[in-house]
Amino acid sequence: MTDTQAVRSMLVGIGAYLPANVVSNTRLEAMVDTTDAWIRERTGITQRAIAAPLETTASLGAEAGRRALADAGMAPEDVELIVCATATPDQTFPATAALIQARLGIPVCIAFDVQAVCTGFVYAMAVADSMMKAGQARTALVIGAETFSRILDWSDRTTCVLFGDGAGAAVLRAVPESEAGGRGVLAHALRADGRQAGILHVRGGPSSGGGTGKLAMQGQAVFKQAVTNISEAIEAACARAGIAVADVDWFVPHQANRRILDGVARRLAIPEDKVVVTVDRHGNTSAASVPLAFAAARADGRIKPGDLVLLEAMGGGLTWGATLVRV
Ligand code: COA
């Protein structure tokens, strides 16, 4: 395969890792002025995993990456590109991708982070796919890993009940287009609107002072735009691939809120049984939620080789987007 040959990025492995500490809504009732009934009714969430004190985004991401490589039957030496989507890096620098590289014993390669908050994994897939098509790498490890529990304001009941920790990873392998048999990453639609940064943000960071900061959100303002934005991105990615939304086998959405998932499904006339839902068990794990949901539907036998799978997300930025893959 030469650098100039047209290639497809095939999804050849998937891995997931959730911390062992599962916090139910009922347990949250003891910590926060909330109720299990309120959380279930407004979000569909019943529990979330929370990282142990010594677990970090890099440790969760490395474990998901290790599992994805094992699933693909590949060794650390095979990886030529690591893209880690995270909004909760271990350190200001180096990139979490480089920390994961060291943990997995991956030799010198390309490694960097992508910051698109909850849309991070969708962005990272597009970046990795584009670099592979440009001949920069033949095997990529694309990771979404987060420890949002570390940036939550546990005194703000409107946000702290919504999020959880975790990591998911995918292995992409470049193959000549002529050998792909119609499989692989088919199309992306990526969007951002920085004018809306203020409705979902963490005010903090190295350049603005004041430490890392805590998550703040105007929930209803985010909610109002979610269904429209996500639906538009899904339609755009499908149109770019020349595929009807109705022909998609599985929708693997970012798991923010059950009502958003239902709203998008209604708007695009997507049957409920085509939508992978894990928000009840995982909560909102930001960039990790799409690969975690993908891994769950692969593990239970729903997503099978040859299926057409649509990944979509929306998050802080605002950012939103969709990726279409035939697995
Ligand atoms: N437990 C109990 N009551 C709570 C609560 C909690 N955890 N959080 C808020 N409330 C209360 C509010 O104080 C308010 O009480 P009031 O009527 O006495 O003032 C009431 O519930 C309604 O609050 P509101 O914010 O209007 O609720 P909502 O129906 O908009 O639901 C969200 C809140 C956050 C669940 C909803 O706006 C949402 O899902 N937004 C999208 C967020 C999202 O997905 N973000 C991530 C994108 S990546």
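Here are the numbers for the structure shown:
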| quantity | calculated |
| --- | --- |
| Antiparallel bridge percentage (DSSP; both residues within the chain; nearest 5) | 70 percent |
| Ellipsoid semi-axes in whole angstrom, largest first, where each is sqrt(5λ) of the Cα gyration tensor of segment 230-272 | 18, 11, 9 |
| Loop sites in segment 268-327: trypsin sites (Lys or Arg not before Pro), DSSP, at most 16 other Cβ within 10 Å | 302 |
| DSSP-defined beta bridges in segment 7-179 - what % are antiparallel, rounded to 5 | 70 percent |
| Rounded percent of accessible protein surface that carbon and sulfur make up, segment 184-326, 1.4 Å probe | 51 percent |
| Where Rh is the Kirkwood radius over Cα pairs, Rg/Rh for segment 184-326 | 0.99 |
| The chain, relative contact order in percent, only Cα pairs under 8 angstrom and at least six apart counted | 25 percent |
| Spherically averaged projected area in nm², based on the convex hull that wraps the Cα atoms of segment 253-327 | 4.9 nm² |
| Segment 90-211: radius of gyration over Cα atoms, expressed as a fraction of 2.2 N^0.38 Å | 1.26 |
| Segment 7-179 - Rg and Dmax from Cα coordinates, angstrom | 17.5, 58 |
| Dipole moment magnitude, nearest 20 debye, segment 7-179 about Cα centre, only Lys, Arg, Asp, Glu C-beta charged | 140 debye |
| Mean-position separation - Cα centroids, segment 2-63 and segment 127-180, in angstrom | 12 Å |
| Over the chain: Kirkwood hydrodynamic radius from C-alpha pairwise inverse distances, Å | 19.5 Å |
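The values are calculated or read from the model by the stated rules, or taken from the named source; none is laboratory data. Bear in mind that the values here come from a model prediction, so they are computed numbers and not experimental data. Cβ sites come from the backbone with ideal geometry, for glycine too, and all protein chains shown count toward neighbours. For accessibility, only protein heavy atoms count, side chains too; no ligands or nucleic acids. Shrake-Rupley method; radii C 1.70, N 1.55, O 1.52, S 1.80 Å.
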